[in-house]
Amino acid sequence: MPAILGSRPAFDEVRNIVRPVLPELSTFEADFRTALRSGQVTNNSRFVVEFEQRMAAYLGVPHALAFCNGEAALTIMLNVNGLEGEIVVPSYTFSGTVHAAIWNNLTPVFADIDRRTFTIDPASVEARIGPKTAAILAAPVYGNACDNDALQAIADRRGIPLYYDSASGFGCTYRGRRLGGFGRAEIFSFHATKVFATMEGGALTTVDPAFAEKVRQLRSFGQAGLVDCATAGINGKMMEVAALVGMRMLDTFDDVIAHRLSIADEYVRRLSVIPGLTVQQVPAGNLSTRLYMAIVVNREVFGLTADEIVEALRAENIVGRRFLDPPVHRMSYYRQRFGEVSLPVTEFIAANAVALPLYSDMTMDEVARITAAVRQLQGAAPEVRARLSSAPATA
């Protein structure tokens, strides 16, 4: 599609939704060669253990266990206590959050979200707790922490455990505390698309030593010795090379967070003055690394729908995404198995949200050009819509 806003697109090269920033090979090559020579490249060897220790210190928790990926960590987290029955979950989350409950034979009960933060609404959670409720599973959205105090109060009052799928939340804070020590346990994803990435990987954190010990068993086939197994586990171990990447990421991660915050502040300043847009809100006292710059579109005021904005930005070499639409409760599998569920706020946000790129090495010029393109779309909405409707369909 030709440029919508002028003879040339906003960027000569495509600005994808993610642009991973990973450490240079030279910063860990010697240690990687050491691991290769030793043959100890997995099975909780030297660098994985060191990475776990550094993670625990960084997050301020006594136990941080590295995993091959976040979904394995999440599936094990929900398995440790032998939960049975229902689990209250958000629908406005990545599908893997709820899939892990299904793999543990738990029945998801979907709760609605807060319109400003996109995170699970404590009042909706409480309303969905019943006699079969075994646990609550909350999930920060794009790194934005949930209302942890309210959720913990509900869990304590109802006598059920609270867990967190904090996949995108590494380095984020709730009221000054880094995520990792809330609820009974939390997990993180270190996939290449995340702000903190080890190429592929994840972690489980907890303050409960007995919980951590059971996780160690489950992560390694349930082994209680060299051969004997105390339980039926899986292979969830992280490789040494991923741990080495993780340690180099930790070396500079506070600088990365500081840069992302400055980029986010500029984004918010520029987007907030565009009619018809609302930026995902981070509550005062919290810190979000903002995996993406998420906005909600009022189509009547802006003049275009969320889908039309994404399509028009593509012509400017800017990749926006309509993540989390459909929300999990409207995905084919969950509709067929659990029927229709009404979640008005979730459905509104899912239908109208757009994720814009936010990179760890983003420049202020990129922010200015992306937001200028969005602003121009709003100012010329009728013409943009006409051009989009007349453009040939793309694959």
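The values are calculated or read from the model by the stated rules, or taken from the named source; none is laboratory data. Because the structure is a prediction, the values reported are computed rather than measured. In this analysis, Cβ positions are derived from the backbone assuming ideal geometry, glycine residues included, and neighbour counts consider all displayed protein chains. For the accessible areas, the whole protein counts, side chains as well, though only heavy atoms, and no ligand, DNA or RNA atoms are used. Shrake-Rupley method; radii C 1.70, N 1.55, O 1.52, S 1.80 Å.
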Failed item in (1) surrounded by fewer than 24 Cβ atoms within 10 Å (Cβ to Cβ); (2) more than 26 Å from R335 (Cβ to Cβ), with L162 passing the rest: (1)
Positions within the stretch 133-152 being open to solvent by 10 Å² or more (accessible area, probe 1.4 Å), polar (S, T, N, Q) and assigned to a strand (DSSP E or B), in sequence order: T133
Some residue of the stretch 130-139 being closer than 30 Å to V21 by Cα and of a type in the set (G, A, S): yes
Single match in V328, V310, V282 (criterion: touching a residue at least 12 places away in the same chain (Cβ under 8 Å), within 18 Å of V141 (Cα to Cα), open to solvent by less than 30 Å² (accessible area, probe 1.4 Å) and of a type in the set (A, V, I, L, M, F, W, C)): V328
Number of the exception - E24 against (1) within 20 Å of the chain's Cα centre (by Cα); (2) open to solvent by 70 Å² or more (accessible area, probe 1.4 Å); (3) not polar (S, T, N, Q): (1)
Filter pass, D112 being surrounded by 18 or more Cβ atoms within 10 Å (Cβ to Cβ), more than 18 Å from R337 (Cβ to Cβ), of a type in the set (D, E) and over 17 Å from the mean Cα position of the chain (by Cα): yes
Subset of the stretch 191-233 [open to solvent by 60 Å² or more (accessible area, probe 1.4 Å), touching a Gly at 6+ places or on another chain (Cβ under 8 Å) and either closer than 20 Å to D165 by Cα or part of a helix (DSSP H, G or I) (or both)]: H191, V207
Criterion (out of contact with any helix residue (DSSP H, G or I) (no Cβ under 6 Å at 6 or more places or on another chain) and closer than 24 Å to S360 by Cα) met by exactly one of S26, S7, S38: S26
Flag for T107 being part of a strand (DSSP E or B) and either at pLDDT below 95 or open to solvent by 10 Å² or more (accessible area, probe 1.4 Å) (or both): yes
Output for the stretch 77-94, where each listed residue is open to solvent by 10 Å² or more (accessible area, probe 1.4 Å) and under 14 Å from N105 (Cα atoms): N79, V80, N81, G82, L83, E84, G85, E86
Verdict on Q336 being surrounded by fewer than 22 Cβ atoms within 10 Å (Cβ to Cβ) and under 24 Å from D12 (Cβ atoms): no
Residue list for the stretch 330-354, filter: farther than 25 Å from L388 by Cα and under 18 Å from the mean Cα position of the chain (by Cα): T346
V48 vs. criteria more than 20 Å from H191 (Cα to Cα), at pLDDT 95 or above and among the aliphatic types (A, V, I, L, M): no
Selection status of L261, within 30 Å of G379 (Cβ to Cβ), in contact (Cβ under 8 Å) with a residue 24 or more places away in the chain and not in a loop (DSSP other than H, G, I, E, B): yes
Within the stretch 368-395, tally of residues that are open to solvent by less than 10 Å² (accessible area, probe 1.4 Å) and over 30 Å from S91 (Cα atoms): 4
Qualifying residue in the stretch 196-209 (condition: out of contact with any Lys or Arg (no Cβ under 8 Å at 6 or more places or on another chain), touching a residue at least 60 places away in the same chain (Cβ under 8 Å) and more than 27 Å from C146 (Cα to Cα)): no
From A242, A232, A210, residue being farther than 20 Å from N43 by Cα and modelled with pLDDT of 95 or more: A210
Residue satisfying all of: in the stretch 258-279; open to solvent by less than 40 Å² (accessible area, probe 1.4 Å) and of a type in the set (A, V, I, L, M); farthest from S166 (Cα to Cα) among these: I274
Residues being surrounded by 22 or more Cβ atoms within 10 Å (Cβ to Cβ) and in contact with a helix residue (DSSP H, G or I) (Cβ under 9 Å, 6 or more places away or on another chain) - total across the stretch 344-354: 4
Only one of G130, G169 that is part of a loop (DSSP other than H, G, I, E, B), open to solvent by 20 Å² or more (accessible area, probe 1.4 Å) and out of contact with any helix residue (DSSP H, G or I) (no Cβ under 8 Å at 6 or more places or on another chain): G130
For F188: the one exception among (1) in a loop (DSSP other than H, G, I, E, B); (2) in contact (Cβ under 8 Å) with a residue 60 or more places away in the chain; (3) buried (at least 24 other Cβ atoms within 10 Å of the Cβ): (1)
